[in-house]
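What follows is a single structure, and I will ask about it in a moment.
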Amino acid sequence: MAKGYWIVRADVADPEQYKLYVAANAKPLKEYGARFLVRGGNFETMEGASRGRNVVLEFPSYEAALACWKCPDYQAAIKLRESVSTFDLIVIEGYDGPQP
């Protein structure tokens with residue numbers, strides 16, 4: 001079964017308020033088996049547009065990644081960041097096929 005991923009690009013206007021979102025999202029992320037592969041860090045934009053922060057989370061499955069985003073606890077966490085950040089977030093299924 002292919003893993004699931006959240007790919008997030010974010011701009012954060014109020015880092016202190018944003019910390020409330022980070023604290024609130026910990027429970028649903030743990031519950032659905034999320035693991036941070038990228039959490040901020042240095043980056044260079046090679047093509048296209050970017051935001052100030054990038055995050056990649058891995059989930060045990062695509063279904064778990066979708067369920068986490070839809071769960072009541074994560075939906076409540078979203079409300080804590082909406083006024084202080086701008087997000088682009090996609091949920092995507094991993095690839096298990098042949099590699100080059």
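The values are calculated or read from the model by the stated rules, or taken from the named source; none is laboratory data. Note that the coordinates shown come from a computational prediction; the quantities given were computed from them, not determined experimentally. Here the Cβ is made from the backbone with ideal geometry for all residues, glycine too, and neighbour counts use every protein chain on show. Calculation scope for accessible area: heavy atoms of the full protein, side chains included, ligands and nucleic acids excluded. Shrake-Rupley method; radii C 1.70, N 1.55, O 1.52, S 1.80 Å.
Could you list, in sequence order, the residues of the range 13-41 that are outside any helix (DSSP H, G or I) and open to solvent by 50 Å² or more (accessible area, probe 1.4 Å)?
If the condition is that a residue be outside any helix (DSSP H, G or I) and open to solvent by 50 Å² or more (accessible area, probe 1.4 Å), then Ala13, Asp14, Tyr32, Arg35, Phe36, Leu37, Val38, Arg39, Gly41 are the ones that fit.
Out of everything in the range 64-100 that is of a type in the set (Lys, Arg) and surrounded by fewer than 17 Cβ atoms within 10 Å (Cβ to Cβ), what residue ends up being nearest to Arg51 (Cα to Cα)?
Selected residue: Lys79.
Next question, about the same structure. Could you give me the residue pairs with C-beta distances under 6 Å whose first residue belongs to the range 71-83 and is in a helix (DSSP H, G or I), whose second residue is open to solvent by 100 Å² or more (accessible area, probe 1.4 Å) wherever it lies, and which are 6+ apart or on separate chains?
Hits for this filter: Asp73/Lys27.
Taking the options Gly52, Gly40, name whichever one is farther than 27 Å from Asp96 by Cβ and at pLDDT below 95.
Criteria check complete, one pass: Gly40.
Please state which of the following conditions Ser50 fails to meet, knowing it meets all the rest: (1) over 24 Å from Ala23 (Cα atoms); (2) touching a Leu at 6+ places or on another chain (Cβ under 6 Å).
Single failed check for Ser50: (2).
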